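For reference, the structure discussed in these notes is given below.
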There are 2 protein chains.
Amino acid sequence: MTKQQKQKRITILDVARDADVSFAAVSKVVRNAYGVSDALRTKVNASIEKLGYTPNTAARAMRGRTFVIGVIFPDMRNPFFADILAGISAALERTSYQSVQGIARHSTEASLIQSMIDMQMDGLILVGSTASADFLSTIGQKKPLVAIGHHLPDIKGFDTVNNDDEISGRLVVGHLVAQGYRKILMLSLDTENGTVIERREAGYRAEMENAGLHDEIRVVRVSQSLREIQVAAKAILGSPDRPDAIFCWTDFVALEVISVAQNAGLAIPSDLAIVGHDNTIYCDFRQNSLTSIDQSGEQLGLQAARLLIERIEGRQKTEHFTVHPRLVGRRSSAVASKSHE
Amino acid sequence: MTKQQKQKRITILDVARDADVSFAAVSKVVRNAYGVSDALRTKVNASIEKLGYTPNTAARAMRGRTFVIGVIFPDMRNPFFADILAGISAALERTSYQSVQGIARHSTEASLIQSMIDMQMDGLILVGSTASADFLSTIGQKKPLVAIGHHLPDIKGFDTVNNDDEISGRLVVGHLVAQGYRKILMLSLDTENGTVIERREAGYRAEMENAGLHDEIRVVRVSQSLREIQVAAKAILGSPDRPDAIFCWTDFVALEVISVAQNAGLAIPSDLAIVGHDNTIYCDFRQNSLTSIDQSGEQLGLQAARLLIERIEGRQKTEHFTVHPRLVGRRSSAVASKSHE
DNA sequence: CTGAAAGCGCTAACAC
DNA sequence: GTGTTAGCGCTTTCAG
């Protein structure tokens, strides 16, 4: 044990002594509880300020709320998640809640969820969770829970916030068809429980049918690994019936496809159009100029935080919130180049 | 309060009852404490397994360690941080410690640190903190603390892990000079307490002197905002004495400069060479082909976690660890194009 | 080797 | 309006 640990921290008792009131009075002031006079409040607040008191969250956790919520991401590399977090933070700013984040891949997600529960967090936001709806329902029974990007029908026991991914797929195909592309392939994610991805694929298929391109429907699913994406992209671009457009499930994959296509000597967008998803900050760079779907991560995060707090404060009924995507056209799909000035 | 909160969780008492031993015995088994028979241990572990018991971190926190450490990042958009986190996670995997993350800009950093202390985390790793050394020393007195990317001389009271940023600067200039560039400008960060950046600048200056390019030394400092970077890049590239090479303090800035340069009709690397820093995953894309400095984020994270745990377990003496950067050459600085196959 | 007992700092009834 | 009191689940002496 280090020497540091032995230092005594300022507790509610120190404040009470300093302000010359009972420690219960201090607790009430801190919690904004009912039944404290202004005089007392002022006096206590002065002492809190003077001593630099902050409540011990762990101790709070043993009796009631911690005012901490946990946010779990599947990885930290996708800049889209930063947008979601920005939305969550914005929503939390006006409340007394704080958030901490955790990063967990599929295999470690359950244990991270458990340890956040063990830390007595008041609620959880799961972003792009690959856990089953059943599992999440079980957790939802124990803790307020909101899932972003997990939209099976008829989910009960926890709230969800989602982009309308079917529309995403439709928008992309509609756009590409309008630009004159026909052989449109979707490069999708090979996931355990990819409900978001499934909807996106469904939208792609539906709109392809709609455009009379039934025979051109082609979906290739690969993992998140850069290596596998590269191999798949090369295979697709090297095949005799090469597509003339590729819709990638997320921007990062699209950027990799651009890279592979350029290495193969293909011109974008004349030989090949590429569309991504999430409209991350990299899309706008001239060297990428990537057409993408904007699903407003900030909105998703904002709504998730709102729903979670409602849950924590007592709502029982399940709610599902949907945001609507829009397409942002850039050069990678033959949209007339727009000046950045 | 939601209904969920009222559900009773499995406690040490339930386990004790099930295993028919005292609850103190269970505590000892869980903590791997000295003085429990194998028979008792087996019995208790069976009950723990059977009941699915996990210790309540908050309750633990009130008496001893939580086995949770907090990691604070300045933002979530730089993929370099993901590498650092990967290193930390790898180091923690073989221990009983877990980590949670927090994201804080300069103005919210102090309060996030405080709330992690309030949550009784056993230690803190600060990545790219912009807080003063004094402030961090104060915190270091209360909690084990390791800072990554904060290398003022003579720091006491907390450990640091750093890339040798002076060498970074030297490597870049040396490389560019070798490639025939002379008018090398550094696009740096305008930070409150940019000690990492200052070292990098120092290396740049030193090597410029060394190469007899004293008169070409030019450092431009801008904030992290995309808008400001853009404006600065345009100004630099539009000026009459445009540099023939730009060293950017981080890859993201370099990518933006590539974008602006292309929009301005400049060819890379013939009109302009660009070098980044951190060797993030985007450097390798054909459309960027960005020469960059690799400072091994994973190594930084690994060492930071190691030092932190040593501190938690009792080390008093301050330690500083340094890793050595290397340059990864790509097309943006005229290195012969390498095939990706 | 095992168990009993004393809190850690706080919240929330409840009593004054 | 304000103070008293009883725990929350656990770790950690200290007796047995």
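The values are calculated or read from the model by the stated rules, or taken from the named source; none is laboratory data. Computed from a predicted model, the values in this text were never measured in an experiment. In this analysis, Cβ positions are derived from the backbone assuming ideal geometry, glycine residues included, and neighbour counts consider all displayed protein chains.
Brief remarks follow.
- Any hit, segment A:65-81, residues being in a helix (DSSP H, G or I) and small (G, A, S): no
- Residue among A:A267, A:A245, A:A273 that alone is surrounded by fewer than 24 Cβ atoms within 10 Å (Cβ to Cβ), over 19 Å from the mean Cα position of the chain (by Cα) and among the hydrophobic types (A, V, I, L, M, F, W, C): A:A267
- Selection status of B:I281, of a type in the set (A, V, I, L, M, F, W, C) and outside the structural domain of B:I139 (by TED's automatic domain parsing): yes
- Boolean, B:A91 is away from DNA strand D (no atom under 11 Å from the Cβ) and out of contact with any strand residue (DSSP E or B) (no Cβ under 6 Å at 6 or more places or on another chain): yes
- Taking the numbered list (1) free of Cβ contacts under 8 Å to residues at least 60 places away in the same chain; (2) within 26 Å of B:L126 (Cβ to Cβ) in turn, B:V26 passes all entries but (2).
- Pick from segment A:271-287, criterion touching a Lys or Arg at 6+ places or on another chain (Cβ under 8 Å) and away from chain B (no Cβ under 13 Å), ranking: nearest to A:V196 (Cα to Cα): A:H277
- Checklist (1) within 13 Å of chain B (Cβ to nearest Cβ); (2) over 18 Å from the mean Cα position of the chain (by Cα) applied to A:L308, failing item: (2)
Listed here are the residues, each with its yes/no results for (1) modelled with pLDDT of 90 or more; (2) of a type in the set (A, V, I, L, M); (3) buried (at least 22 other Cβ atoms within 10 Å of the Cβ).
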| residue | (1), (2), (3) |
| --- | --- |
| B:L40 | no, yes, no |
| B:V44 | yes, yes, yes |
| B:Y53 | yes, no, no |
| B:N56 | yes, no, no |
| B:R63 | no, no, no |
| B:I84 | yes, yes, yes |
| B:A90 | yes, yes, no |
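- The single condition among (1) closer than 30 Å to A:V253 by Cβ; (2) modelled with pLDDT of 90 or more; (3) out of contact with any strand residue (DSSP E or B) (no Cβ under 6 Å at 6 or more places or on another chain) that A:V71 does not satisfy is (3).
- If you go through segment B:25-38 and keep only what is within 11 Å of DNA strand D (Cβ to nearest atom) and exposed (fewer than 12 other Cβ atoms within 10 Å of the Cβ), you end up with B:N32, B:A33, B:Y34, B:G35.
- So A:E228, is it assigned to a helix (DSSP H, G or I) and crowded, with 16+ Cβ neighbours inside 10 Å: no
- Single condition B:S168 does not satisfy, out of (1) small (G, A, S); (2) within 14 Å of chain A (Cβ to nearest Cβ); (3) within 30 Å of B:P144 (Cα to Cα): (2)
- Exclusive hit being away from DNA strand C (no atom under 13 Å from the Cβ) and either away from chain A (no Cβ under 14 Å) or in contact (Cβ under 8 Å) with a residue 40 or more places away in the chain (or both), set B:V36, B:V71: B:V71
- Looking only at segment A:111-142, and only at residues there that are charged (D, E, K, R) and over 19 Å from the mean Cα position of the chain (by Cα), the one that is farthest from the other protein chains (Cβ to nearest Cβ): A:D134
- Residues of segment A:48-64 that turn out to be near DNA strand C (Cβ under 10 Å from one of its atoms), closer than 19 Å to B:L112 by Cβ and outside any helix (DSSP H, G or I), as a count: 4
- The single condition among (1) in contact (Cβ under 8 Å) with a residue 40 or more places away in the chain; (2) assigned by TED's automatic domain parsing to the domain that holds B:L308; (3) within 16 Å of DNA strand D (Cβ to nearest atom) that B:I10 does not satisfy is (2).
- Positions within segment B:152-208 being of a type in the set (D, E, K, R) and assigned to a loop (DSSP other than H, G, I, E, B), in sequence order: B:D154, B:K156, B:D164, B:R182, B:K183, B:D190, B:E192
To keep it simple, each residue is scored yes or no on (1) of a type in the set (A, V, I, L, M, F, W, C); (2) farther than 30 Å from B:G314 by Cβ.
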| residue | (1), (2) |
| --- | --- |
| A:K8 | no, no |
| A:D14 | no, no |
| A:A25 | yes, yes |
| A:Y34 | no, yes |
| A:T54 | no, no |
| A:T57 | no, no |
| A:R65 | no, yes |
| A:I69 | yes, yes |
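- When A:R221, A:R242 are checked against the criterion of being in a strand (DSSP E or B), under 24 Å from A:L171 (Cα atoms) and of a type in the set (K, R), a single residue qualifies: A:R221.
- Any pair with Cβ under 7 angstrom, 6 or more apart, that starts in segment B:288-314 at a residue that is farther than 15 Å from B:D159 by Cα and ends at one that is part of a helix (DSSP H, G or I) and among the basic types (K, R): B:S289/B:R331
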